[in-house]
Every structure is written in C-alpha cells, then in structure tokens.
Amino acid sequence: MKTPLTTKSESVHHPRSVEQLIVGKETSDGAGVKLTRVLTQSLQRRLDPFLMLDAFGSDDPDDYIAGFPDHPHRGFETITYMLAGNMRHRDSAGHEGLLGNGGVQWMTAGSGVIHSEIPQQEAGVMEGFQLWLNLPARDKMCAPWYRDFGADDLPRYATEAGVAVTVIAGTSQGVAGAVTRDTTAPLYLDIHLPAGARFAQSLPATHNAFVYVYRGEVGIGGVKVPTQRMAILANDAQADGVVIEAAGDAKVLLVAGQPLNESIEQYGPFVMNTREEINQAVADYREGRLGATA
Ligand code: MN
C-alpha cells in the first residue's frame, strides 16, 4: 500500500500529562511463552475498556516455540499485532489464519471460542503485542468474529515531520483504522517517530489512554518515557489530546478508548460482569458447550 502524506497534524491545544509510568511484569503464558504483562489486572479499572496488554519479543525459540495450545475465551476481544514472526491461529468457530510480520489478528470471543496460537518458525525473532479489549455487557454473548489483516491491508499515513502511523483501530487524521467499534471506540496506533519529530493526536478527555514505548524514548508533557514503559495519560478535564516528542528515533503504541464503567469479573481467559456469569463460563467450558457450533 502507498503511504499517503498528510499536510497537517491534528491540533492539540491542551495536551494530556503523564499520570504514571508502568514497568511490565515478566511472566509466561500458554505452554510457556515468555512475555511481559504491561497492562495487568490491577489496571483494568483505570484503563477500562482495556483488560490486558502483553508484549512478547525474543530471538530464542525456547521462549516462544511452545505457543498457545487450545484454550478458551469468553466476553471480550483480543487484538494481536505481530511485528516480526509467524503464528498460526485456529479456532472452534472455524477460523484459521497465518499471522505474519506486521499483521494484525482481531478476534471477538463473544460467547466463546476455543483457539490455538502456534508459532510457525523454529528460529528467528518473534515480537509483538496482544491487547485485550472488553465488550459491553450486552455484547458479551455475541457470536464470535475474526479477521486477519496483513501488513499491506492496514491503513497508514505519514506526516510532514516524517512520522509514520499505522491505524489499527479508530480514526487518526481522517484515516479510518482496520477496525472500528461503536461503544468502546478504541484507538490503536503504531507510531514511528524519526529523531526530532513531534506527533499530536486528539483524544476525548473522558477516554482512558496510554502510550507504550517499544523502541527509543519519547517525551510526553515534559515527562521522559523510556523504552519498555507504559505511560498512563491523565484524564485532565481540559485536555484535548496527546503530544508525543522524540529526541531520537522512537516507536510507540498509542491506545485509547471509551470506558464502559461496568463491573469487571475476570477468571483467567473469561471476562464477564458477575461471578455467576464466570461460573457459567467455567461450567460451559467443562461440559463442552463453550465454542460448540450449533
Ligand atoms: Mn488466546
């Protein structure tokens, strides 16, 4: 895809400040994949509607080769963004896809899927992110949905300052992302800033937002955000967006969304609103009803 050049940057007059810098927690998941959990369960309320952000990145196959064999999900959406590497997805709704370099897989678990995510490489770098986006209570039991986007299918643009932006979700500078959602209104941008560049993005003041730096270092509202840190952006009432400045080359994710303000009950791969709904999900999974096609 050709990258269109925009002539103007979004205007932000009152940029948000940084409320808190977060260091991710080293952990492993699936059959032993090493990853960094950046958005942990304790931040789910603060960063509503987002439930989790995992960053994975390794050139040691022992860290990723086992992948994520069959496991269930219910009640939310998973968005996997692969910077490097290849992973095969198969699920109980009959979806299958190969997620490759620069691609995005968007899966709405809804009422339930059982799926596997298995690396299709025995060497080399595997690097990317998985973001969990909550579903509103009324949609938690919706039919599962799935789409793969190759790197060339993702909308992109570049600013005059040379900032390259991939719009995974939401809308930025008039460029609509691969996926949009009405209720949670997620914005998910991958932003590559050359040294000395500045990037502005308007954001509704009530939307929760964060920036995760995965290469280099950026400045936001006078605060230095080093690599592998998440900056939670304050919901200043008068703020109309965020301004990101890079002294050296930097790459960041900018994620924002409209909070649901509903109760959050998580038990492992199930995220519902009540304990009873979690018990139902566990029972449905045990008894083979979760992800079963009628
Ligand atoms: Mn999964």
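The values are calculated or read from the model by the stated rules, or taken from the named source; none is laboratory data. Nothing here was measured: the structure is a model prediction, and the numbers come from that model. Don't worry about glycine lacking a Cβ; one is built from the backbone with ideal geometry, like all the others, and counts go over all protein chains shown.
Residues in segment 93-102 that are surrounded by 18 or more Cβ atoms within 10 Å (Cβ to Cβ) and in contact with a Leu (Cβ under 8 Å, 6 or more places away or on another chain): 102 only. Note on segment 250-273: among residues that are part of a loop (DSSP other than H, G, I, E, B) and within 16 Å of the ligand (Cβ to nearest atom), the one that is surrounded by the most Cβ atoms within 10 Å (Cβ to Cβ) is 269. Among the residues making up segment 229-249, those that are in a loop (DSSP other than H, G, I, E, B), in contact with a Ser or Thr (Cβ under 7 Å, 6 or more places away or on another chain) and modelled with pLDDT of 95 or more are 234, 235, 240. Considering only residues that are within 16 Å of the ligand (Cβ to nearest atom) and surrounded by 15 or more Cβ atoms within 10 Å (Cβ to Cβ), which ones fall in segment 130-168? Of everything in segment 130-168, those that are within 16 Å of the ligand (Cβ to nearest atom) and surrounded by 15 or more Cβ atoms within 10 Å (Cβ to Cβ) turn out to be 130, 131, 132, 133, 134, 135, 144, 145, 146, 148. Scanning segment 234-249 for residues that are crowded, with 16+ Cβ neighbours inside 10 Å and within 22 Å of residue 170 (Cα to Cα) returns 235, 239, 240, 241, 242, 243, 244, 245.
Evaluated against (1) buried (at least 18 other Cβ atoms within 10 Å of the Cβ); (2) modelled with pLDDT under 95; (3) within 16 Å of the ligand (Cβ to nearest atom); (4) of a type in the set (Asp, Glu), residue 10 falls short on exactly one condition, (3). Please determine whether any residue of segment 61-75 is within 10 Å of the ligand (Cβ to nearest atom), closer than 30 Å to residue 263 by Cβ and in contact with a helix residue (DSSP H, G or I) (Cβ under 9 Å, 6 or more places away or on another chain). Yes, that holds for at least one residue. For the subset of segment 188-216 comprising residues that are assigned to a loop (DSSP other than H, G, I, E, B) and out of contact with any Gly (no Cβ under 7 Å at 6 or more places or on another chain), which member is farthest from residue 168 (Cα to Cα)? Checking each candidate, the answer is 196.
Yes or no, residue by residue, for (1) in a strand (DSSP E or B); (2) not β-branched (Val, Ile, Thr):
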residue	(1), (2)
45	no, yes
48	no, yes
51	yes, yes
57	yes, yes
65	no, no
72	yes, yes
79	yes, no
94	no, yes
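The condition (being of a type outside the set (A, V, I, L, M, F, W, C), free of Cβ contacts under 8 Å to residues at least 40 places away in the same chain and within 30 Å of residue 274 (Cα to Cα)) is satisfied by just one residue among 94, 110, 75: 110. Is it fair to say residue 88 is more than 30 Å from residue 207 (Cβ to Cβ), in contact with a strand residue (DSSP E or B) (Cβ under 8 Å, 6 or more places away or on another chain) and within 14 Å of the ligand (Cβ to nearest atom)? Yes: the conditions hold for residue 88.
With respect to the conditions (1) closer than 17 Å to residue 242 by Cα; (2) modelled with pLDDT under 95, residue 121 falls short on a single one, namely (1).
The single condition among (1) surrounded by fewer than 16 Cβ atoms within 10 Å (Cβ to Cβ); (2) part of a loop (DSSP other than H, G, I, E, B); (3) modelled with pLDDT of 90 or more that residue 31 does not meet is (3).
Picking from residues in segment 100-129 that are part of a strand (DSSP E or B) and away from the ligand (no atom under 12 Å from the Cβ), the one that is nearest to residue 269 (Cα to Cα) is 108.
Residue 83 meets each of the listed conditions (1) more than 13 Å from the ligand (Cβ to nearest atom); (2) closer than 16 Å to residue 122 by Cα; (3) crowded, with 19+ Cβ neighbours inside 10 Å apart from (2).
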